[in-house]
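The values are calculated or read from the model by the stated rules, or taken from the named source; none is laboratory data. No experiment lies behind these values; they were computed from the predicted model shown. Note: ideal-geometry Cβ built from the backbone for every residue, glycine included; neighbour counts use all protein chains shown.
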Amino acid sequence: MALIECKFYSEVLGLSTSMTVILPQKTTTQIGMSNVTRGKLHPTLYLLHGLSDDDSIWLRRTSIERYVAEMGIAVVMPQVHRSFYTDMAEGGKYWTFISEELPALARSFFPLSPKREDNFVAGLSMGGYGAIKLGLRKPEVFSAAASLSGALDMAHHFMNWDDPTAKTKEYEQIFGKEDITGTQEDLLWLLKERDRSKGPKPALYQCCGTEDFLYADNQIFREACQGTSLSLTYEEGPGSHEWGYWDTKIRDVLNWLPLGK
């Protein structure tokens, strides 16, 4: 595998930012590794970070590079700060960045496949929200979307911080002062809209630990999804909001990805 720490300029954000990228590399003499490739243009997993992290976190807290070595897929891990993958009311246009500019730039820099069937997105916590939003709003781009311990009911739930004033201020900076229920930022509403649509529908994966503070959010999303025609793979079990759980479950996500042979 090749590991690239990519610094670049975003026209959408108006600033320099970064992404961490894993690229397949076929090897025959690397001890302890069986690296493969699938062709000249690589299938790609966009892997999203949570609220307090950055583009390096999946590499630092899990063995994602080793897990994908035998799969022949690229992994693109972008930096979006505390944006909830949203065009912020007071801040950067991170939804436009993640859904439009980043894939185009990544494909201009690296040999990544543009085909829908070769593009997937996954994330944890805030990144789970972002991944499902990308899957539901951009199903022509992503064939599969996975949430690990995702914040999936943002219309009615925000982080339970000790200082409610700070909580409200940051929420308003991200989403604005108006209720986001029934908008493009509401995953439950997006589920219904995608269900009614005649367009493509992404395969969805969802997991959450039963001791996670976002477990109730995940139950609500699961029940909402069961009332639609979308395909959902759901898993739960013992676990909390921590990296031991996500390191285990990202392997399940990788095994679930609908990779062509």
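For residues that are surrounded by 17 or more Cβ atoms within 10 Å (Cβ to Cβ), in a helix (DSSP H, G or I) and either charged (D, E, K, R) or over 17 Å from the mean Cα position of the chain (by Cα) (or both), tally how many sit in segment 189-214.
Residues meeting the conditions: 2.
Would it be correct to say that Arg116 is under 19 Å from Pro258 (Cα atoms), touching a residue at least 60 places away in the same chain (Cβ under 8 Å) and either of a type in the set (Asp, Glu) or surrounded by fewer than 20 Cβ atoms within 10 Å (Cβ to Cβ) (or both)?
yes
What is the one condition in (1) in a helix (DSSP H, G or I); (2) in contact with a strand residue (DSSP E or B) (Cβ under 8 Å, 6 or more places away or on another chain) that Val76 does not satisfy?
If we test Val76 against (1) in a helix (DSSP H, G or I); (2) in contact with a strand residue (DSSP E or B) (Cβ under 8 Å, 6 or more places away or on another chain), just (1) comes out false.
Being surrounded by fewer than 20 Cβ atoms within 10 Å (Cβ to Cβ), of a type in the set (Phe, Trp, Tyr) and under 15 Å from the mean Cα position of the chain (by Cα) is the filter here; which residues of segment 236-258 pass it?
Within segment 236-258, just Trp256 meets the criteria.
Answer yes or no as to whether Glu223 is charged (D, E, K, R), in contact with an Asp or Glu (Cβ under 9 Å, 6 or more places away or on another chain) and without any contact (Cβ under 8 Å) to a residue 60 or more places away in the chain.
It is false that Glu223 is charged (D, E, K, R), in contact with an Asp or Glu (Cβ under 9 Å, 6 or more places away or on another chain) and without any contact (Cβ under 8 Å) to a residue 60 or more places away in the chain.
In segment 46-103, which residue that is without any contact (Cβ under 8 Å) to a residue 40 or more places away in the chain and touching a His at 6+ places or on another chain (Cβ under 7 Å) is farthest from Arg137 (Cα to Cα)?
The extreme case among them is Ile57.
Residues in segment 189-244 that are β-branched (Val, Ile, Thr) and touching a helix residue (DSSP H, G or I) at 6+ places or on another chain (Cβ under 7 Å): how many?
Here the count works out to 2.
Within segment 98-114, can you find the residues that are within 18 Å of Val75 (Cβ to Cβ), touching a strand residue (DSSP E or B) at 6+ places or on another chain (Cβ under 7 Å) and not aliphatic (A, V, I, L, M)?
Matches in segment 98-114: Phe109, Phe110, Pro111, Ser113.
Among residues belonging to segment 24-65 that are farther than 22 Å from Tyr94 by Cβ and among the hydroxyl-bearing types (Ser, Thr, Tyr), point out the one that is nearest to the chain's Cα centre (by Cα).
Thr62
Residues in segment 29-45: is at least one part of a strand (DSSP E or B) and more than 18 Å from Leu257 (Cβ to Cβ)?
Checked against the condition, which is being part of a strand (DSSP E or B) and more than 18 Å from Leu257 (Cβ to Cβ), segment 29-45 yields no hits at all.
Would it be correct to say that Thr44 is touching a helix residue (DSSP H, G or I) at 6+ places or on another chain (Cβ under 8 Å) and polar (S, T, N, Q)?
Spelling it out, Thr44 is indeed touching a helix residue (DSSP H, G or I) at 6+ places or on another chain (Cβ under 8 Å) and polar (S, T, N, Q).
Being modelled with pLDDT of 95 or more, under 30 Å from Glu172 (Cβ atoms) and not in a loop (DSSP other than H, G, I, E, B) narrows it down to one residue among Ser83, Ser16, Ser108; which is it?
Only one candidate qualifies: Ser16.
If you go through segment 26-51 one residue at a time, how many are polar (S, T, N, Q) and modelled with pLDDT of 90 or more?
The number of residues fulfilling the criteria is 1.
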